[in-house]
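Here's the structure, in structure tokens; my notes come after.
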Amino acid sequence: MQITAIVKQKNGSYDIYVDGEKVEKLDALVLAANRNIKVGAEISSNTLEDIKKTSGANFAFDAGIKYISRNMHTESEVREKLLTLGYSPDDTESAIDRLKDYGYVSDEAYCKAYVATYGRNRGKIRLSFELANKGIDKEIISQNLPEDDRISAKIMAESKIKKYTDREKMIRYLMGRGYEYDVAREVASEVLEDVVRD
């Protein structure tokens, strides 16, 4: 097999033609690393397969970088996005491993940031449910949830004291925000008791 043409594309990739037929889109880094890839050079099918694998993994990695550059994402979300974009499972896993090695994707860091951001107005139950839906392991979730969410429950209850003057409605409101029944009952009683005293 002989390389008959290498054509640069607008996106920075290269199309490689072997025996007059387009066989693969190459990543610029792969092309630069393989000096034997040039017009007129002979190429074996094994070498072509290795180049395809490396290029596919690089393209998936680039797509992963682009995806996480907008927002923080979990490993599961990145995997789903890359597969949706049409990358092979092998290329996707290779890209995710590289993203994790560089520290760009970390479920632990995502979990900590999520709890820090949303833990002020959500209870443990809701936080746990939302993080599990994002594909984070239950063990990582349990390690990063606050030990006691009574303070945030009290702040939530105090902010809604005019709307929910009835104890049962306040309890339902807090439970809807993801607080456990015991926490909601205790906080509702405490907050409404303070209002009655005032």
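The values are calculated or read from the model by the stated rules, or taken from the named source; none is laboratory data. Owing to the predicted nature of the structure, the values given are computational and were not obtained by experimental measurement. Please note: Cβ atoms are built from the backbone with ideal geometry, for glycine as well, and neighbour counts cover all protein chains shown.
Out of all the residues in region 15-37, is one or more more than 25 Å from Ile136 (Cα to Cα), at pLDDT 75 or above, of a type in the set (Phe, Trp, Tyr) and not assigned by TED's automatic domain parsing to the domain that holds Ile140?
So far as region 15-37 goes, yes, one or more of its residues are more than 25 Å from Ile136 (Cα to Cα), at pLDDT 75 or above, of a type in the set (Phe, Trp, Tyr) and not assigned by TED's automatic domain parsing to the domain that holds Ile140.
Could you tell me whether any residue of region 135-158 is within 30 Å of Ser55 (Cβ to Cβ) and either surrounded by fewer than 17 Cβ atoms within 10 Å (Cβ to Cβ) or assigned by TED's automatic domain parsing to the domain that holds Gly178 (or both)? Lay out the reasoning, then the answer.
Applying the first criterion (within 30 Å of Ser55 (Cβ to Cβ)) to region 135-158 yields 135.
Filter again for either surrounded by fewer than 17 Cβ atoms within 10 Å (Cβ to Cβ) or assigned by TED's automatic domain parsing to the domain that holds Gly178 (or both), leaving 135.
Yes, region 135-158 contains at least one residue that is within 30 Å of Ser55 (Cβ to Cβ) and either surrounded by fewer than 17 Cβ atoms within 10 Å (Cβ to Cβ) or assigned by TED's automatic domain parsing to the domain that holds Gly178 (or both).
Scan region 143-152 for residues that are polar (S, T, N, Q) and either outside any helix (DSSP H, G or I) or more than 18 Å from the chain's Cα centre (by Cα) (or both) and jot them down.
Residues of region 143-152 that are polar (S, T, N, Q), as a first pass: 143-144, 152.
The answer is Gln143, Ser152.
Just for region 43-60: of the residues that are at pLDDT below 75 and more than 31 Å from the chain's Cα centre (by Cα), which one is nearest to Leu85 (Cα to Cα)?
Leu48
Which residues, counting only those in region 153-173, are outside any helix (DSSP H, G or I) and of a type outside the set (Val, Ile, Thr)?
Lys160, Lys162, Lys163, Tyr164, Asp166
Results for (1) in contact with a strand residue (DSSP E or B) (Cβ under 7 Å, 6 or more places away or on another chain); (2) in a helix (DSSP H, G or I); (3) without any contact (Cβ under 8 Å) to a residue 12 or more places away in the chain, shown as yes or no for each residue.
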site: Ile51; (1), (2), (3): yes, yes, no
site: Gly56; (1), (2), (3): no, yes, no
site: Ile65; (1), (2), (3): no, yes, no
site: Glu77; (1), (2), (3): no, yes, no
site: Ala95; (1), (2), (3): no, yes, no
site: Arg98; (1), (2), (3): no, yes, no
site: Glu108; (1), (2), (3): no, yes, no
site: Val115; (1), (2), (3): no, yes, no
site: Ala132; (1), (2), (3): no, yes, yes
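When you go through (1) assigned by TED's automatic domain parsing to the domain that holds Ser159; (2) of a type in the set (Lys, Arg); (3) part of a loop (DSSP other than H, G, I, E, B) one by one for Arg126, which number turns out not to apply?
(3)
Can you tell me which residue among Tyr87, Tyr118 is assigned by TED's automatic domain parsing to the domain that holds Ala60 and aromatic (Phe, Trp, Tyr)? Before you say what the answer is, go through the steps one by one.
Values: Tyr118 fails: assigned by TED's automatic domain parsing to the domain that holds Ala60.
Tyr87 is the lone residue from the list that is assigned by TED's automatic domain parsing to the domain that holds Ala60 and aromatic (Phe, Trp, Tyr).
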